[in-house]
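One structure is given below, encoded as structure tokens.
FYI, it's all coordinate maths here, none of it is from the lab. Predicted model only: the values in this text are computed from it and were never measured. Reconstructed Cβ throughout: ideal geometry from the backbone, glycine too, with neighbour counts over all protein chains shown.
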Amino acid sequence: MKLISWNIDSLNAALTSDSARALLSRAVMDTLAAEKAEIIAIQETKLSAKGPTKKHLDILKSYFPDYQVAWRSSVEPARKGYAGTMFLYQAQLQPAVTFPEIGAPSTMDAEGRIITLEFENFFVTQVYTPNAGDGLKRLADRQLWDCKYADYLTALDREKPVLATGDYNVAHKEIDLAHPNSNRRSPGFTDEERQGFTNLLNKGFTDTFRHLHGDIPNVYSWWAQRSPTSKINNSGWRIDYWLTSERIADKVTSSEMIDSGSRQDHTPIVLTIDL
């Protein structure tokens with residue numbers, strides 16, 4: 001089975017805009033279509049509360065025929081057109097789809113951040129983890145989110161093995177970003193967020209990229225858009241992950257980044273596993 005995850009940073013912009021960035025995004029869509037993955041997880045869709053329009057669905061169908069779509073958008077009292085997640089999965093799979101709430105603080109449970117697919121012998125779940133925010137103003141809420149999310153994954157894992165993916169908004173270790181020393185109190189690399197991710201792994205989950213590749217340096221999944229040379233200089237962060245329950249980690253055959261060319265922001269990540 002092949003599974004892909006990608007923070008798209010606005011599905012509408014990627015599908016309908018004529019900007020240079022949108023053209024780069026659609027080139028990535030072409031790449032993903034060619035991968036023929038069974039499941040594609042998409043974060044930060046930024047759709048309205050009503051979800052994808054007919055135009056969005058028609059364009060997605062042109063890239064991914066014979067796929068079903070499951071989506072979750074941010075709804076009031078959370079911000080409109082914010083966060084949001086989506087799964088595309090091959091129609092023959094027929095998973096049970098749930099949209100869990102985890103008892104998160106503030107409006108986080110209303111921001112469309114988690115979708116879970118249940119199959120006979122395993123779960124596939126994706127997350128768009130809340131950012132700690134400018135000035136770390138949301139760090140305390142983020143820490144509580146991390147605890148609640150870890151409890152949720154652990155509950156799934158008690159039932160059957162879990163494949164968990166998404167934008168976790170944390171570079172776990174120094175090797176996971178290009179400039180650790182200058183980012184000690186930056187969102188995504190605070191001690192608190194890193195400890196939260198360590199705590200998650202300690203509950204029985206494996207970072208599949210490190211499991212397969214060890215301490216290979218200079219491999220990232222995100223490069224800041226506001227720095228025009230971030231990708232050219234590979235000044236990136238690894239904040240997107242495929243995790244599995246420890247007991248099926250040895251079934252993972254690959255865990256890689258997908259080349260997104262010159263497009264900055266997130267690059268897709270792909271997992272293959274023999275289930």
| When the stretch 40-64 is examined, which residues are found to be touching a residue at least 40 places away in the same chain (Cβ under 8 Å) and within 23 Å of residue 241 (Cβ to Cβ)? | 40, 41, 42, 43, 44, 45
| note | residue 127 fails exactly one of (1) assigned to a loop (DSSP other than H, G, I, E, B); (2) hydrophobic (A, V, I, L, M, F, W, C); (3) touching a strand residue (DSSP E or B) at 6+ places or on another chain (Cβ under 7 Å); (4) on the phi < 0 side of the Ramachandran plot, namely (1)
| Every residue from the stretch 140-162 that is in a loop (DSSP other than H, G, I, E, B) and surrounded by fewer than 16 Cβ atoms within 10 Å (Cβ to Cβ) | 160
| Restricted to the stretch 212-259, and to residues that are hydroxyl-bearing (Ser, Thr, Tyr) and touching a Lys or Arg at 6+ places or on another chain (Cβ under 7 Å), which residue is nearest to residue 125 (Cα to Cα)? | 221
| remark: Scanning the stretch 65-99 residue by residue, those closer than 21 Å to residue 147 by Cα, touching a residue at least 24 places away in the same chain (Cβ under 8 Å) and surrounded by fewer than 17 Cβ atoms within 10 Å (Cβ to Cβ) turn out to be 99
| note | Inside the stretch 51-63, the number of residues satisfying the requirement of being more than 19 Å from the chain's Cα centre (by Cα), within 13 Å of residue 30 (Cα to Cα) and surrounded by 14 or more Cβ atoms within 10 Å (Cβ to Cβ) is 2
| remark: Checked pairs for the stretch 199-217, first under 17 Å from residue 146 (Cβ atoms), second surrounded by fewer than 21 Cβ atoms within 10 Å (Cβ to Cβ) and β-branched (Val, Ile, Thr), C-beta under 6 Å and 6 or more apart or across chains, list as 203/154
| task | Answer yes or no as to whether residue 128 is in contact with a helix residue (DSSP H, G or I) (Cβ under 6 Å, 6 or more places away or on another chain), under 26 Å from residue 25 (Cβ atoms) and of a type in the set (Ser, Thr, Tyr). | result | no
